[in-house]
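In what follows, a structure is listed as structure tokens, so that the remarks can point back to it.
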Amino acid sequence: MNYSKLTNIPKLLLISFLCIACSQSDAQKEFENQAFRTPQNITETTTNGELVDGGVNDPDDWRIGPDYRGLIEVGKPAYPNPVLIDDFIFIELDFGFESRIRGLRVFAFSDPNVNIQQIDEITRELSTIETLRISPSLFAGSTGVGLATIYRIVITDQNENVLTYGDVEVRR
């Protein structure tokens, strides 16, 4: 048996692993670029978080970043959607039992070139299932003419790596 060939196997495995890690990082970067684009469509949901039968379902909303697939799931996308400005939006995230994610930040904007606002931060240890409760008045304002109606919500880890994002419609 040729042992010199066997000693190359760990090196090949390491190189393969590094290539996979690089492609995941590139995929995550592309995902994050998509997260900070102008919001366009929503996924319509009921007050209980169920998809509206025959309603709009935006396939871009509430996907999981490539580096976090298998670590987190969106249990329920933003609900209700659309939402009244004086109500609350809820987003259910499932972190599983062995999540490496510690803390969250939540951002909102209608135009990524104008004003991205941090609207929430969780610095404690995360539960297996976290339900975020967000007031649209934090980012949509309650008065004014010509205010946007569709906003993007971006959820990141504490290092601002995007976990998921989606669009909500705020009605006055």
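The values are calculated or read from the model by the stated rules, or taken from the named source; none is laboratory data. All values reported here derive from a predicted model rather than from experimental measurement. Glycine also receives a Cβ, built like all others from the backbone with ideal geometry; neighbour counts cover every protein chain displayed.
Brief remarks follow.
- Residues that are of a type in the set (Asp, Glu), under 20 Å from PRO39 (Cβ atoms) and free of Cβ contacts under 8 Å to residues at least 60 places away in the same chain within region 93-133 comprise just one, ASP120.
- The sole residue among ARG105, ARG124 that is at pLDDT 95 or above and of a type outside the set (A, V, I, L, M, F, W, C) is ARG105.
- Pick from region 27-67, criterion buried (at least 19 other Cβ atoms within 10 Å of the Cβ) and of a type in the set (Phe, Trp, Tyr), ranking: nearest to PHE88 (Cα to Cα): TRP62
- Taken over region 77-92, the criterion of being touching a Ser or Thr at 6+ places or on another chain (Cβ under 6 Å), surrounded by 20 or more Cβ atoms within 10 Å (Cβ to Cβ) and β-branched (Val, Ile, Thr) is satisfied by no residue.
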